[in-house]
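Shown next, in structure tokens, is the structure this report addresses.
Since every read-out is calculated from the coordinates, none of them should be taken as a lab result. Predicted model only: the values in this text are computed from it and were never measured. Here the Cβ positions follow ideal geometry from the backbone for every residue, glycine too, while neighbour counts run over all protein chains shown.
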Amino acid sequence: MTPRRALSAILAVGALLLNFAIERFLAIARPPLVLIPGFLDYAPTLNRGVSFGLLRQDGNNGRLVLIAVLAMVSAFVTFLAWRSANRLQAAGYGLVVGGALGNLADRVRGGAVFDYLFLHLGGLPLFVFNFSDAAISAGALILAADAFLSAKTPVPDS
């Protein structure tokens, strides 16, 4: 296994295991808890949809479709991680895979994703997310940074 592939695998497994540990710990927390006043609270909720609660699925068929789609996306991103061109890409893909697998595990085990961090600006609600979502977002930012840093400077026409 190449160092890039190992890095990607370590980050994916690490993000998945850290998600499990955080959720296990939070199972005993009593809601709600203010973490950063006016900005971040602990507010557990079950998300039966996709990002921001869109495409909510209360029935078993819809849940199974979401599980299948998430499994396919996870497999595709794992393929991209396997073929990563550098360590930055490998790290980004690894975090995305680990986060996706964390959300997939939630959906398989409980029928919904366990979101618990409520981000808001004072009284303006923004969204509720979990550690897996944060790992996916961090991975996406790393991939965007890699794309920006590795962009080739256009060669002027002669």
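Compute the angle between helix 60-82 and the longest alpha-carbon principal axis of the chain, please, reported from 0 to 90 degrees and rounded to the nearest 10.
The helix 60-82 is inclined about 30 degrees to the chain.
Relative contact order for the chain: what percent, with Cα pairs under 8 Å and sequence separation of 6 or more?
Once divided by the residue count of the chain, the mean separation gives 31 percent.
Just from its helices, what would the mean residue ellipticity at 222 nm be for the chain, if runs of 4 or more DSSP H residues each count -39500 (n - 2.57) and the sum is divided by every residue, rounded to the nearest 500 deg cm²/dmol?
Calculated at 222 nm, the ellipticity per residue is -20000 deg cm²/dmol.
Charges only on Cβ, +1 for Lys and Arg, -1 for Asp and Glu: so what's the dipole of the stretch 3-149 about the Cα centre, in debye to the nearest 20?
On the way: 11 positive and 7 negative charges, 75 e Å.
In total the dipole reaches around 360 debye.
If you count, for each residue, the other Cβ atoms within 10 Å and average over each peptide, how do 140-151, 13-24 line up from highest to lowest? Don't jump to the answer; show the numbers that get you there.
Numbers: 140-151: 13.2, 13-24: 16.6.
The packing order, highest mean first, is 13-24, 140-151.
Along the Cα→Cβ direction, 7 angstrom out, place labels at Ala29 and Ala151. What is the inter-label distance in nm?
My value for the distance between the label points is 3.7 nm.
Quick one: in the chain, what % of C-alpha pairs are over 25 Å apart?
39
When ranked by the protection proxy of mean other Cβ atoms within 10 Å per residue, highest first, what sequence do the peptides 75-86, 91-102 form?
91-102, 75-86
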